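Here's the structure we're looking at; comments come further down.
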Amino acid sequence: MGILEKISEIEKEIARTQKNKATEYHLGLLKAKLAKYRAQLLEPSKSASSKGEGFDVMKSGDARVALIGFPSVGKSTFLSLMTSTASEAASYEFTTLTCIPGVIEYKGANIQLLDLPGIIEGAAQGKGRGRQVIAVARTADVIIMMLDATKGEELESVGIRLNKHKPNIYFKPKKGGGISFNSTVTLTQCSEKLVQLILHEYKIFNAEVLFREDCSPDEFIDVIVGNRVYMPCLYVYNKIDQISMEEVDRLARKPNSVVISCGMKLNLDYLLEMLWEYLALTCIYTKKRGQRPDFTDAIILRKGASVEHVCHRIHRSLASQFKYALVWGTSTKYSPQRVGLTHTMEHEDVIQIVKK
């Protein structure tokens, strides 16, 4: 029996097993086996590594956004509208057959947008160009899922967790001493016995486990596997000009959702605003002594970046020569304020660095 058949059998057994107290251990073991087989399926075989075309696109700009969706939802039209890159667009399916990069210039930042080939049913099993699409998606900072948000489970099954946080579980394998299990909260979904069964399925017999929140068996499996990617996702519904206003209103009120029309260029500005928020980027402007700030060339950093991050972005040796910095903006109590390396910068702050 091949891996696909084993996965199919386990999925069927999970579907027909009633969820109750008596079956929780059985379901936990099935989920652990399912995660193992899916991981094996997505590991590229050594013989296949030399064949076929990959989607190796060099990471550039200040952030990377992967554009994912099913065929003919308007991804290529969206790329052509938002960037200066022309991606072939047509009314038939599978127009895009490889990864096409473009750059969105917004608020001084260069955001790399990757138009990936349309995902087909079974992309998680490597069908179509599924394996390459998923590999690129894992390297993105934000995913834009176009039109059909109900297909998010394709990415869930390959270790990409959309709009979720990393489970607050401490897990450390040891060389001996058995399994040490503790929790700081009341657990309603996992028990010590279930945790031990799942660990044994992964051939782990000595480990420290500490639950700091009430997590499910699936979340615990994610922690054991350790290669899950947690990233924000915007569900973008295109072609709203073809549906009723009531339906547009219903879709727009869904969480993490934006409604647009590439054909009529509707609501694209709002989508860019939302994308900026999800990327959590910050513009920092620099100022030389006795001169006005340079508002033409911003330093783009992640939200929560410190003065030290700014120094590293300007020059790698600047932090070692740092004396103090003067900062103007919303991160200070008064302007300018003298700050050290650990001071947290905020959007559109101005900084002047003084060296020793």
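Bear in mind these aren't lab numbers, they're just calculated from the coordinates by the rules spelled out. Small disclaimer: the values here were computed from a predicted structure and weren't measured. Methodologically, a virtual Cβ is constructed for each residue, glycine included, from the backbone with ideal geometry; neighbour enumeration extends over all protein chains shown.
Odds and ends about this structure:
- Highest mean packing comes first when the peptides 134-142, 348-356 are listed by Cβ atoms within 10 Å, giving 134-142, 348-356.
- Length released on extending from Met245 to Lys303, taking residue separation times 0.36 nm less the Cα-Cα span: 17.3 nm
- Were the residues from Gln337 through Leu268 laid out at 0.36 nm apart, the gain over their Cα-Cα distance would be 21.0 nm.
- Subtracting the Cα-Cα distance of Met58 and Ile3 from their residue separation scaled by 0.36 nm leaves 16.6 nm.
- Positive end of the dipole of segment 144-274 (Cβ unit charges, origin at the Cα centre): among Gly263, Thr186, Val225, the Cα lying farthest that way belongs to Val225.
- Simple label model, 7 Å out from Cα along Cβ direction - Val185 to Val354, nm: 4.7 nm
- Using a simple spin-label model with pseudo-atoms 7 Å out from Cα toward Cβ, Leu210 and Arg16 lie 4.4 nm apart.
- Mean Cα-pair separation over length for segment 243-295, i.e. relative contact order, pairs under 8 Å, 6 or more apart, %: 15 percent
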